[in-house]
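The values are calculated or read from the model by the stated rules, or taken from the named source; none is laboratory data. In this text, all values refer to a predicted model and were calculated from it rather than measured experimentally. As a convention, Cβ positions derive from the backbone with ideal geometry for all residues, glycine included, and neighbour counts pool all protein chains shown.
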Amino acid sequence: MRKILLLPVLCLSFYLMRSQKVAGTKVDYKACSGFALSKPLSEMPVDNQPEKEDDEKKEIKIRRQPPMYAGKKVQPHGADPLTQTAMGSKVMMPTIANWQGTSGSASPPDPSGAAGPSHYVQAVNLRYIVYNKTGTTLGGPFNLNTLWTGSTNDGDPIVMYDKYADRWFLQQFNGNDLILVAISTSSNPLGSYYTYTFIPKPGDFPDYPKFSIWADGYYCTSNYSSPYKICVFDRTKMLAGNPAAGMITLSAPTTPNNGFFSPLSADADGTLPPYGTPCPIFTYEDDTWSAGGVDQLRIFKFTTDWVTPVNSTLILDQTIPTTTIDVNFNVNWDDVTQPGTTQKLDAISGVLMYRAQYRRWTGYNTAVINHAVIVNSTTKQVGIRWYELRQNVSTGVWSIYQEGTYAPDLHSRWMASMAMDDNGSISMAYAVSSGTVFPSLRYTGRNASDPLGLMTYTESIAIAGTSSQTFFNRFGDYSQTTMDPDGITFWHTGEYMSSGGKTRIFSWQIPNVATGITDISSKPDVLIYLNENILNVKGLKLPNDNETQVDVFDVMGKLIIGKKVNPVTGSFETSFDVGSFARGTYLVRVGNEKFQKVVKVSVN
């Protein structure tokens, strides 16, 4: 967000409403306004300035307006009905990697990061760094504007690793109305980049942008002024370094909000959906945001047509009532208590927290999302309402499979980010603070077989805070949990407090209860090898002998061939004739209701 100088239960969805489809009103296509091929990042100047203390940092200006609620909320009375009031009893695995990230030169830091096969790239306001996966700096810190010649250093960065193309995605907004995107030309994050400049609408500032990976585009949501707009960028052309890459912007249907409307587009993990699959866009609604409002999730559907952009559509596809939520936060966003100060921190109400991770399974698709809620209307404790959504593959209908509110003690938890691994286990990391706990970073999780609506692992501390933030209420703004390409390692970056705002980068895994094995080397594995025109697939150490689906997809998510196999003592071996396949990269997915594994293979 923009900068100025800083002055000193079982979640039951009792019914599902398939709404009348309401479409957005305007389609706008624009080619990028600037393109270049950068020098290798390793040859770029490094920002050797020391990180600034809080009173010297720039503040990223907030653009939200105070919420205007339609009426007085009737429910909930007292506690959130889904509150998990005790931690789970299963022992969480300790962090695998855990190191200090950069805090940049602006506050809040807006930390974003992703892991590739050999690197972790983190960006904050207003710099980014390339690390190896043990925390050694390989390049940087670089100013955010390093890659885009003539740009300014503005902020709200997003980092993604596009594992389907083995490329890196870097982004920041710029000036009054620009979005800057850089795509690496190879798997090396320190190599050269294709750089793009886009102007969604002159004079209209794309605040709080969030990006996701989909087969037919990089989708972008942001806190645009009304009419609210959602964008998609031409992923295929951008990966190829095509200067003609464009963007499509659609106006969203009128949607109740609290003055801060920034939904989330689905971000693919596992396998890509087939090219042309509509991208789900998620947001939520509180019953006080409009007359006759309902506590519910709203799911839009964005269908992109790059051949004839005007045929692209954005519709409100579904509304799904949730168990009662209370998000009537303080109108000045003074929400989370800290030790030794009256200064409270912003819980970022009104938006789903980054990311909306999407996965394709056999027979259904999943999305995991979360947002901050008030756990108790008297104490104003903040907790995390989280959801696992499932989409029926045959009907396309989404439903809430499970939801819960995580608040296992009297501390507040917020700024969460969550994901699901190849075994269906869910984990989330978040900030924790109260009158006795300085802002810290912790994480928890659950296995797919656990009772619904509960985080069943004991909370683990990634890093404990040692001070409070006293100069203003902005904290974090967002955090990011991503999956390692191995499909089972979670990576998180977020803010905590220690002698001024700091960021942390850490990784962990959820034990695979189905096998009782916690050692990564002994977890389910898939081996792929080519023998002339025969693609051999071998599954080892699988969690069960249930019927398993083996599918081969192209890199755009199209199913090429598949079959069912029956493992014996946790193993199987099968093959496909790929003699008719075009040269290129393919994805092999092996999975059933208990696990999935995706392996990349090149057919020459």
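One residue is enough: does the stretch 73-80 have a residue meeting the conditions part of a loop (DSSP other than H, G, I, E, B), modelled with pLDDT under 85 and either among the basic types (Lys, Arg) or touching a Phe, Trp or Tyr at 6+ places or on another chain (Cβ under 9 Å) (or both)? Yes, the conditions are met somewhere in the stretch 73-80. For the stretch 115-128, the set of residues classified as buried (at least 23 other Cβ atoms within 10 Å of the Cβ) and either out of contact with any Asp or Glu (no Cβ under 9 Å at 6 or more places or on another chain) or of a type outside the set (A, V, I, L, M, F, W, C) (or both) consists of Tyr120, Val121, Gln122, Asn125, Arg127, Tyr128, listed by residue number. Taking Ser38, is it farther than 19 Å from Ala252 by Cα, buried (at least 16 other Cβ atoms within 10 Å of the Cβ) and modelled with pLDDT under 60? No: the conditions fail for Ser38. Only one entry in Thr493, Thr482, Thr503 is over 30 Å from Thr341 (Cα atoms), touching a Gly at 6+ places or on another chain (Cβ under 8 Å) and assigned to a strand (DSSP E or B), namely Thr482. Restricting Ser427, Ser467 to residues that are in the same structural domain as Ser107 (by TED's automatic domain parsing) and either among the hydrophobic types (A, V, I, L, M, F, W, C) or not in a strand (DSSP E or B) (or both) narrows the list to Ser467. For the stretch 545-604, how many residues are under 16 Å from Tyr529 (Cβ atoms) and either in contact with a strand residue (DSSP E or B) (Cβ under 7 Å, 6 or more places away or on another chain) or crowded, with 16+ Cβ neighbours inside 10 Å (or both)? Residues in the stretch 545-604 being under 16 Å from Tyr529 (Cβ atoms) and either in contact with a strand residue (DSSP E or B) (Cβ under 7 Å, 6 or more places away or on another chain) or crowded, with 16+ Cβ neighbours inside 10 Å (or both): 22 in total. Note on the stretch 245-297: among residues that are among the charged types (D, E, K, R) and not in a loop (DSSP other than H, G, I, E, B), the one that is farthest from Ala215 (Cα to Cα) is Glu285.
Taking the stretch 345-376 as the range and being closer than 20 Å to Val437 by Cα and crowded, with 22+ Cβ neighbours inside 10 Å as the test, the residues that pass are Leu345, Asp346, Ala347, Ile348, Ala372, Val373, Ile374, Val375. Would you mind stating whether Asp317 is at pLDDT below 95 and among the acidic types (Asp, Glu)? So Asp317 fails the test.
Scanning the stretch 244-282 for residues that are out of contact with any Asp or Glu (no Cβ under 6 Å at 6 or more places or on another chain), farther than 30 Å from Ser394 by Cβ and at pLDDT 95 or above gives Ala244, Met247.
Here's a check for you: in the stretch 207-230, which residue that is in a loop (DSSP other than H, G, I, E, B) and of a type in the set (Phe, Trp, Tyr) is surrounded by the most Cβ atoms within 10 Å (Cβ to Cβ)? Looking at the filtered set, the residue picked out is Tyr208.
Exactly one residue among Ala431, Ala372, Ala367 is closer than 20 Å to Arg589 by Cβ, small (Gly, Ala, Ser) and at pLDDT 95 or above, and that residue is Ala367. The set of residues in the stretch 302-318 that are surrounded by fewer than 18 Cβ atoms within 10 Å (Cβ to Cβ) and either of a type in the set (Asp, Glu) or assigned to a strand (DSSP E or B) (or both) comprises Thr303, Asp305, Thr313.
Residues are listed down the side, and each one gets a yes or a no for (1) surrounded by fewer than 24 Cβ atoms within 10 Å (Cβ to Cβ); (2) closer than 23 Å to Lys39 by Cα:
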{"position": "Gln172", "(1), (2)": "no, yes"}
{"position": "Ser184", "(1), (2)": "no, yes"}
{"position": "Ser187", "(1), (2)": "yes, yes"}
{"position": "Gly191", "(1), (2)": "yes, yes"}
{"position": "Phe205", "(1), (2)": "yes, no"}
{"position": "Val232", "(1), (2)": "no, no"}
{"position": "Pro243", "(1), (2)": "yes, yes"}
{"position": "Thr249", "(1), (2)": "no, no"}
{"position": "Thr254", "(1), (2)": "yes, no"}
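Considered as a group, the residues in the stretch 385-441 that are more than 27 Å from Ala114 (Cα to Cα) and β-branched (Val, Ile, Thr) include one that is surrounded by the fewest Cβ atoms within 10 Å (Cβ to Cβ), and that residue is Thr395. Give Leu441, Leu389 a once-over and let me know the one that is out of contact with any Gly (no Cβ under 7 Å at 6 or more places or on another chain) and part of a strand (DSSP E or B). None of the others qualify; the one that does is Leu389. Of all residues in the stretch 270-279, none are of a type outside the set (Asp, Glu) and under 18 Å from Asn370 (Cα atoms). Of the numbered conditions (1) under 19 Å from the mean Cα position of the chain (by Cα); (2) small (Gly, Ala, Ser); (3) not in a strand (DSSP E or B), Ser394 fails exactly one; give the number of that condition. Going through the list (1) under 19 Å from the mean Cα position of the chain (by Cα); (2) small (Gly, Ala, Ser); (3) not in a strand (DSSP E or B), Ser394 breaks only (1).
Of the residues making up the stretch 448-461, those that are closer than 16 Å to Ala367 by Cα and modelled with pLDDT of 95 or more are Leu452, Gly453. Working carefully through the options Gly155, Gly241, Gly191, Gly203, find the one that is more than 23 Å from the chain's Cα centre (by Cα) and at pLDDT below 95. That would be Gly203, the only listed residue that is more than 23 Å from the chain's Cα centre (by Cα) and at pLDDT below 95. How many residues are outside any strand (DSSP E or B) and small (Gly, Ala, Ser) when one looks only at the stretch 334-386? Qualifying residue count for the region: 6.
Looking across Tyr131, Tyr120, one residue alone is at pLDDT 95 or above, closer than 20 Å to Gly476 by Cα and among the hydroxyl-bearing types (Ser, Thr, Tyr). It is Tyr120.
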